[in-house]
1. Suppose we filter the stretch 244-268 for residues that are without any contact (Cβ under 8 Å) to a residue 60 or more places away in the chain and in contact with a helix residue (DSSP H, G or I) (Cβ under 9 Å, 6 or more places away or on another chain); how many remain?
2. Hey, does the stretch 360-378 have a residue that's small (Gly, Ala, Ser) and within 22 Å of Lys67 (Cα to Cα)?
3. Going through Thr356, Thr396 one at a time, which residue ends up being in contact with a Pro (Cβ under 9 Å, 6 or more places away or on another chain), of a type in the set (Ser, Thr, Tyr) and touching a residue at least 40 places away in the same chain (Cβ under 8 Å)?
4. State all residues of the stretch 523-546 that are touching a residue at least 40 places away in the same chain (Cβ under 8 Å) and in contact with a helix residue (DSSP H, G or I) (Cβ under 8 Å, 6 or more places away or on another chain); if no residue qualifies, say none.
5. What pairs come up if the first residue lies in the stretch 461-482 and is closer than 9 Å to Ala504 by Cα, the second is basic (Lys, Arg) and surrounded by 14 or more Cβ atoms within 10 Å (Cβ to Cβ), and their beta carbons are under 7 Å apart, counting only those six or more places apart or on different chains?
6. Restricting to the stretch 295-334, name every residue that is farther than 17 Å from Asp265 by Cβ and in a strand (DSSP E or B).
7. Taking only pairs six or more apart or across chains, which ones have beta-carbon atoms under 7 Å, a first residue in the stretch 488-499 that is not assigned by TED's automatic domain parsing to the domain that holds Phe422, and a second residue that is outside any strand (DSSP E or B) and not aliphatic (A, V, I, L, M)?
8. Hey, any hits in the stretch 44-63 for a residue that's touching a residue at least 12 places away in the same chain (Cβ under 8 Å) and among the acidic types (Asp, Glu)?
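The values are calculated or read from the model by the stated rules, or taken from the named source; none is laboratory data. Computed from a prediction, not measured in an experiment: that's the story for all the values here. Please note: Cβ atoms are built from the backbone with ideal geometry, for glycine as well, and neighbour counts cover all protein chains shown.
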Amino acid sequence: MKDIVFVSGHKNPDSDSICSAIAYADYLFRIGRYNAVPVRLGEINKETEYILKRFHTEIPVLLKTVKQTVEDLEYDKVTVFSKELTLKTAWSLMKQQNLKSAPVLDDHSQLLGLLSTSNIIEGYMDQWDSLILKEANTPIENVIDTLDASILYLDKQLKTIKGEIHIAAMTGEEASKRVHENDVVIVGGDRDEAIERLMNKKISLVILTGSLTISKELLQQCMDAHISVISTPFNTFMASQQIIQAVPVEYVMQKGGLTTFSTDDTVDYVKEVMSETRYRSYPVIDFMGRVVGSISRYQVLNGMKKKVIQVDHNERSQAIDGIEEAEILEIIDHHRVADIQTIGPVLFRAEPVGCTATIVAKCYKEAGIDIPQDMAGLMLGAIISDTLLFKSPTCTPTDTKMAKELAKIAGVDIQEFGMSMFKAGTSLVGKTVEEIFNQDYKKFTFGDLSAGVAQVNTMDIEGFAPYKKDMLDYMDQVAKDNHMEFTMLLLTDVINATSEVLVAGPRKDYVETAFHVELVDQQASLPGVISRKKQVVPVITEVLTQ
């Protein structure tokens, strides 16, 4: 994901926003400039859905934010330990790999704890207790591995150490007073008599040191008594020291208060947590709870920003969330230059045409690349949508000329395609007022003031009447929640080239002043007004910036 460049239109995407993102990503791939992926910032409308289906194109993936996350960082791969691993093996691995800590996993690969070198040292120094193996529920395999022991007999019932550790350095009679059932006895030298005495105590394990063995007869007696017997090459002194290292890491690791991060945690959150803690590194957990790596402060400070190309917008309020943390590489647009900020120079191509797709199509031609049929169809649909089938005052001769060229490549009739698009896109059946308002809604900022303008193309303005009251209530709430002067909804008749406007919010008078109209029941007619960009935004900008 780290080399991907996201090509994004604006929030509440219209057909130009979606189709231009797809086509420009295709263009970038063909010229080999970026590994570009088109994305959308919201649900597509019915018109756009029709265009994509007609040209067999998949809907772009939804991207909610470009804030840096842990997944974007070059986090370290980690060595993980099982909970049964011995202290001896863990210490050896950590020395070999120069590790200061390592995650410990349970039987389901979930994080159980964190083992550090200090845990091992403290565990070894503090655990001079003859019951340590029992308390740590130490598997017999750990004892065998730690002592490099050979098995003379291993009773199937012996799974873990369940008794105290003794060294048979005293007389058999004295030893029998101290030894209890299930205890472990370390035997050095010829101590057959001691072993025979201890059998009656129902000990569980005899450890022979110095690679010693016992007679077949005595071994058989041990087997009959269910006493396991192993032999280690270590002498008695070394064996008594080494056996402590058979303790599983689960016993000494840090269990509670673990600080971990998931792959989808934002870097801002990681920085905040790290500022309050002092660990060298932190485990990284994926969505299934598995440990996939670790991160340190160095990686957080040197993380790569997500890369974004913006099409059909250059206003911060319309951009994807987290855009201030991303690296903007290019902006391709046909709107006013607004308040977007970048961390460095970018390729900024803004042209006074009616549609971003017109600019994208020019990019193909300028690079000498044949436009694929499906991309031609998408860009044609975008131009028809943005220019309202060339009736909008934003439409330029360049848009009309390009649309004709694209129609030829796509193999469609412009009029038939346009009317089919509008028919699919203007139906309000089954939609809520929230869906209607937000299908093509933009927020505009004018200094300290802001306003929201939505536009809905329709072939039947009168059919909107049943929605009016609920729509105005919703628009009032949008204005209140976003501290805007007003919100307005343009109901645009694409056939007769006229609009009805609904206005809500505390400063509806701004709209009356801008368009020289009087609102009646928060509604007015705007004959000839069909372009938000050219006929609405400029006049409200003039009023709000006076």
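1. Keep residues of the stretch 244-268 that are without any contact (Cβ under 8 Å) to a residue 60 or more places away in the chain, which gives 256-257, 259.
Those left that are additionally in contact with a helix residue (DSSP H, G or I) (Cβ under 9 Å, 6 or more places away or on another chain): 259.
Matching residues across the stretch 244-268 total 1.
2. Here is the first cut: in the stretch 360-378, the ones small (Gly, Ala, Ser) are 361, 367-368, 376-377.
Applying the additional criterion that residues be within 22 Å of Lys67 (Cα to Cα) yields none.
Checking the stretch 360-378: not a single residue is small (Gly, Ala, Ser) and within 22 Å of Lys67 (Cα to Cα).
3. Details: Thr356 fails: in contact with a Pro (Cβ under 9 Å, 6 or more places away or on another chain).
Thr396 is the lone residue from the list that is in contact with a Pro (Cβ under 9 Å, 6 or more places away or on another chain), of a type in the set (Ser, Thr, Tyr) and touching a residue at least 40 places away in the same chain (Cβ under 8 Å).
4. At the first step, the residues of the stretch 523-546 found to be touching a residue at least 40 places away in the same chain (Cβ under 8 Å) are 523, 530-537, 540-541, 544-545.
Those that are touching a residue at least 40 places away in the same chain (Cβ under 8 Å) and in contact with a helix residue (DSSP H, G or I) (Cβ under 8 Å, 6 or more places away or on another chain): Gln523, Ile540, Leu544.
5. As it stands, the answer is none, since no pair meets every condition given.
6. Within the stretch 295-334, Lys307, Val308, Ile309, Gln310, Val311, Glu327, Ile328, Leu329, Glu330, Ile331, Ile332, Asp333 meet the criteria.
7. So the pair list comes out as Leu489/Phe437; Leu490/Arg532; Leu491/Phe464; Val494/Phe422; Ala497/Lys391; Ala497/Gly528; Thr498/Gly528.
8. Of all residues in the stretch 44-63, those touching a residue at least 12 places away in the same chain (Cβ under 8 Å) come to 44-52, 54-57, 59-63.
The next check asks that each one be among the acidic types (Asp, Glu); those that pass are 47, 49.
For the stretch 44-63, residues touching a residue at least 12 places away in the same chain (Cβ under 8 Å) and among the acidic types (Asp, Glu): present.
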